[in-house]
Amino acid sequence: MSTDKTLSAAAMSSSSSPVTTGLSYRPLLVIVFAMAVFAALVSLLANAFWLSATTSAMALSLSVAGVAVLYGQLGLVSLCQFALVGVGGWATLRIGHAFHPPFEVSMLAGGIVATLTGLLFGIPALRLRGLYLALVTLMLAGAFQIVISAWGFPDGGPGFLGRADGSGRAMLPRPDLATEAVPYFLYCCAVATLGLLLVQWHKISRPGRAWALIRKGETVAISSGVNVLAYKAWAFALSGFLAGIAGALLAGNVGQLEGRAFSAFESLNLFALATVGGAYHWYGAVIAGLLLRALPALLTDLGIDGYVTIGIFGVALFHALATAPTGIAGQIATLAARFRKGDDR
């Protein structure tokens, strides 16, 4: 049996990743349509407060999609994803303030720097799994927290760190196509859609089939001709790239970033909500992004301390691990499948 046939057979038989069951492009069209409807509804109905929260949610959904690649496809628990968001934001701000290129150039630079950092962070994953990998990546997230607290994010100043003295702080301009709140929200939705399409394409093509084999067992994957180290590195690079783009979009949303927003706890929170939202379906990333930003915004709007979400997320994580390992998205998919079966009768 050839390597391609073996990869296809593994994808067909893998129950842990339902989106790798064949090379079908229908899910790509579904993503475009669903995101377009969502973007239209929010842009028409949301006020300024909710528009800002939802814009941040769309940016963070890309980072959650990166977590889903590692956990949903390979079963790897990486707890440094929010640190990679910070890396991407830092590089975007530095390039933007130093050279003033179009926003897209700064954003891609942030994605590339986060990709390289993700590969560096992913080196332990080449030999570690489970609790050991989680601990190592959490320590890396803690190290980033210390570094960014000492350095701060670039704010228009000179030198490598780009720190301005006194009142010289500058804001990163938004893209020329989206300088106002509503156009920038639509811009973030478009970028998030492209990121989700990129992840989905990986899942239904050769990388997804290789990841399915690796998840079944590295011995099986090696015997089938899969380069385990290369495909693991590929997954970490893709995850880092998505996180970097998310950091760039966050920087563009408010014009600046604060170091205290990128604590190691936020990486834990991000992974927890990726599990709650659902790591095996593309819309799980969108659900997790909304939980990260829209739910605290809702509580604040109701006059409730946003920190209550920590307890809510903890209960939701326990529920997901105990009764719904595929998360909210998996439960939605199950209900949809039942309705389809009912209609067929």
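The values are calculated or read from the model by the stated rules, or taken from the named source; none is laboratory data. All figures in this text were calculated on a predicted structure; none of them were measured in a lab. Neighbour counts run over all protein chains shown; Cβ positions are idealised from the backbone, glycine included. To get the accessible areas, we keep the full protein, side chains included, count just its heavy atoms, and leave off ligands, DNA and RNA. Shrake-Rupley method; radii C 1.70, N 1.55, O 1.52, S 1.80 Å.
Take the residues in region 112-137 that are of a type outside the set (A, V, I, L, M, F, W, C) and not in a helix (DSSP H, G or I); name whichever of them is most open to solvent (accessible area, probe 1.4 Å). By that ranking, first place goes to 127. When each of 250, 299, 292 is tested for being of a type outside the set (Ser, Thr, Tyr), open to solvent by less than 70 Å² (accessible area, probe 1.4 Å), without any contact (Cβ under 8 Å) to a residue 12 or more places away in the chain and over 21 Å from residue 131 (Cα atoms), the lone residue that passes is 299.
Residues checked against (1) of a type in the set (D, E, K, R); (2) modelled with pLDDT of 90 or more; (3) out of contact with any Leu (no Cβ under 8 Å at 6 or more places or on another chain):
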{"position": "106", "(1), (2), (3)": "no, yes, no"}
{"position": "124", "(1), (2), (3)": "no, no, no"}
{"position": "146", "(1), (2), (3)": "no, yes, yes"}
{"position": "151", "(1), (2), (3)": "no, yes, no"}
{"position": "164", "(1), (2), (3)": "no, no, yes"}
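Could you tell me whether any residue of region 313-332 is surrounded by 14 or more Cβ atoms within 10 Å (Cβ to Cβ) and either more than 14 Å from residue 278 (Cβ to Cβ) or among the charged types (D, E, K, R) (or both)? Taking every residue of region 313-332 in turn, at least one turns out to be surrounded by 14 or more Cβ atoms within 10 Å (Cβ to Cβ) and either more than 14 Å from residue 278 (Cβ to Cβ) or among the charged types (D, E, K, R) (or both). Counting only helices (runs of 4 or more DSSP H) wholly contained in region 1-89, the ones carrying 3 or more residues that are buried (at least 17 other Cβ atoms within 10 Å of the Cβ) and modelled with pLDDT of 70 or more occupy 26-45, 48-68. Note on region 222-244: among residues that are free of Cβ contacts under 8 Å to residues at least 60 places away in the same chain and assigned to a helix (DSSP H, G or I), the one that is nearest to the chain's Cα centre (by Cα) is 234.
Listed by position, the helices (runs of 4 or more DSSP H) contained in region 247-345 that have at least 2 residues being of a type in the set (S, T, N, Q) are 264-277, 308-323, 327-344.
Scanning region 163-196 for residues that are in a helix (DSSP H, G or I), among the hydrophobic types (A, V, I, L, M, F, W, C) and open to solvent by 40 Å² or more (accessible area, probe 1.4 Å) yields a count of 5. Look at (1) over 23 Å from residue 264 (Cα atoms); (2) open to solvent by 50 Å² or more (accessible area, probe 1.4 Å); (3) in contact (Cβ under 8 Å) with a residue 24 or more places away in the chain; (4) assigned to a helix (DSSP H, G or I) and you find that residue 219 fails only one, number (3).
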